[in-house]
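The values are calculated or read from the model by the stated rules, or taken from the named source; none is laboratory data. Remember, predicted model here, so these are calculated numbers, not experimental data. Every residue, glycine among them, receives a Cβ derived from its backbone with ideal geometry; neighbour counts consider all protein chains shown. Surface accessibility is based on the protein's heavy atoms, side chains included, excluding ligands, DNA and RNA. Shrake-Rupley method; radii C 1.70, N 1.55, O 1.52, S 1.80 Å.
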Amino acid sequence: MAARIRCLALFLLQLLVLLVASSGEDVVGTRWAVLIAGSNGYYNYRHQARIALCFHFVPFLAATSLSCHPCYADVCHAYQILKKGGLKDENIIVFMYDDIANNTANPRPGVIINHPNGTDVYAGVPKDYTGEDVNVHNFLAVLLGDKSNLTGGSGKVVNSTADDHVFVYFTDHGGPGVLAMPSGGYLYANDLVDTLKKKHAAGTYKSLVLYVEACESGSMFEGLLPSDMNVYAMTASNANESSFAYYCPGGNQGPSPPPEFTTCLGDLYSIAWMENSDVHNLRNESVHQQYEAVRDRTSGTNGSSSSESIGSHVMEYGDLTQNNQSLYSFIGTNPANDNATSSFVVSGAGAGGGRVDQRVADLVYFWHKYRNAGEDAERREARKRLMQEMARRSQIDSSVELIGSLLFGSDQGANVLDAVRPAGQPVADDWDCLKSLVRTYEGHCGSLGQYGIKHMRAFANICNAGVAAEDVAKVAAQVCAGVHSGTQY
């Protein structure tokens, strides 16, 4: 009798869950989504379709000073999830440079995959903003629903109302307080949060969820995103660490891409949330439940206490009460998963998985191009490209280090530049100072690029220390002139 009562109670509980989910479908309003891959180049395949691992197959990199970093594939995969979930193309806005599918380096022309055994995720993806139209200006205008401020593209914007739910997925390279873009400058944390504040003040959404894949992505919201705007943000990493590429060639810790691929197919955090969404009934899975599953998979330990983890700390920011909502409210659900179980563990989770630090993923591509090159001329060109990239990175690292030494002294320079502020504080106090300092550095020393933005914390700390702009300009000019001429300081 007791067993019957328990079975009946369980049945009634499951029925109640289904009834609540069904009632929620009637009040969802319109679902809107913005998907953006903020990079270009075939070596960033993963963004449009992640160092210890790198040292195993790039032996001469072990002697270099390197630190942490595919968005096309990720964005295309996200689109397929939304489409199967019932969102209409008119409510999905896609930003991607679109130089991957038909790139001469792509072994499967016209096709993008996001899993070693995956099918094409490129087919049918709208190309709303491509090439130079993938920039900060257009992204923020789209988010605000401001057609008048667009420059190029399809003209689609998030024309949402107070009853609507908005989902934003951004995958790219990042640094402390910034996300990279292929053109038009960097997306700074204060500008993103200010835009969210404007959208909230306009009353043009009921709730808004952001997923951000990038190194130091937590710094985009740390100490900046209020908790009273119905905005919830989940990031691939905290404010002080790299995120990781996934399904990378040459990995000895898990799945690698098909042998013809020389680049990573996805990003660890992105793969985690998308492969979770692929197989579950999202009416019955909350944002928080997905966060827990993604957190465990992305950490590299899958909840264990292993010290061998190769992963990052997935973080939550903003209004954490929003994560109690079902994922269905934001990204719909695939009807094929209606009978899926409620287990949120994804197969293949754990410390393995062919993962590589995001900032080294580019070098993995260049190394495999060199290793797989056939003729001598092709091999020399591949080696030249790899060495150029390594030299460029070394120059950036050296110039920033020298600037710190000249401003604060050789004993204190590194301490000041590398200082991490306590949790709850933003990277910078004066964002205008940070932007100005970055422009000054790039004017004298060249673009930071997707690798160099790892030094944004150094520039923010110079501003936080109150150093005058003219002093920085003078030192930058001296340092970079010395670097280019071979002079050492």
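Odds and ends about this structure:
- The stretch between Asp430 and His313, if pulled fully straight at 0.36 nm per residue, gains 39.4 nm over its current Cα-Cα span.
- Among the protein heavy atoms, those of Met181 account for about 20 Å² of accessible surface (1.4 Å probe, every chain in place).
- Probe 1.4 Å - accessible area at Ser398, Å² to nearest ten: 50 Å²
- Trp367 - accessible surface, heavy atoms, 1.4 Å probe, Å² rounded to 10: 30 Å²
- Between Gln478 and Asp163, the FRET efficiency from the beta-carbon distance, with R0 = 56 Å, is close to 0.45.
- Shown for the range 399-484: the carbon plus sulfur share of the solvent-accessible area, taken with all protein chains present and a 1.4 angstrom probe, equals 49%.
- Taking 19 Å as the straight-line reach from the Cα of Lys84, the lysines in range (excluding those fewer than 8 positions away in the same chain) are Lys127.
- Relative contact order for the range 399-484: 42 percent, from Cα pairs under 8 Å spaced at least 6 residues apart, divided by residue count.
- Distance between the range 370-431 and the range 167-203 - C-alpha centres, whole angstrom: 23 Å
- Ranked by how many other beta carbons lie within 10 Å on average, peptides 470-477, 231-238, 185-192, 407-414 from highest: 231-238, 185-192, 470-477, 407-414
- Nitroxide proxy distance, nm - points 7 Å out along Cα→Cβ at Ala414 and Asp376: 4.3 nm
- A simple charge model with +1 on the Cβ of Lys and Arg, -1 on the Cβ of Asp and Glu and nothing else charged puts the dipole of the range 200-342 at about 240 debye relative to its Cα centre.
- Base-10 log of normalised Debye intensity for the range 399-484 (one unit scatterer per alpha-carbon) at q = 0.16, 0.21, 0.22, 0.23 Å⁻¹: -0.56, -0.99, -1.09, -1.20
- Farthest toward positive dipole pole in the range 399-484 [+1 Lys/Arg, -1 Asp/Glu at C-beta], among Val479, Gly424, Ile462: Gly424
- Dipole axis of the range 146-302 (+1 Lys, Arg; -1 Asp, Glu on Cβ), positive-most option in Ser242, Pro259, Pro182: Pro182
- Distance in nm between pseudo-label sites at Ser447 and Thr321 (7 Å out along the Cβ direction from Cα): 4.4 nm
- Computing FRET efficiency as 1/(1 + (r/R0)^6) for Thr119 and Glu292, where r is the C-beta to C-beta distance and R0 is 41 Å, gives about 0.90.
- A Cβ-based charge dipole, computed about the Cα centre of the range 111-165 with Lys and Arg at +1 and Asp and Glu at -1, lands at about 80 debye.
- Given their separation in residues at 0.36 nm each and the Cα-Cα distance between them, Asp194 and Met387 gain 65.5 nm when the chain is fully extended.
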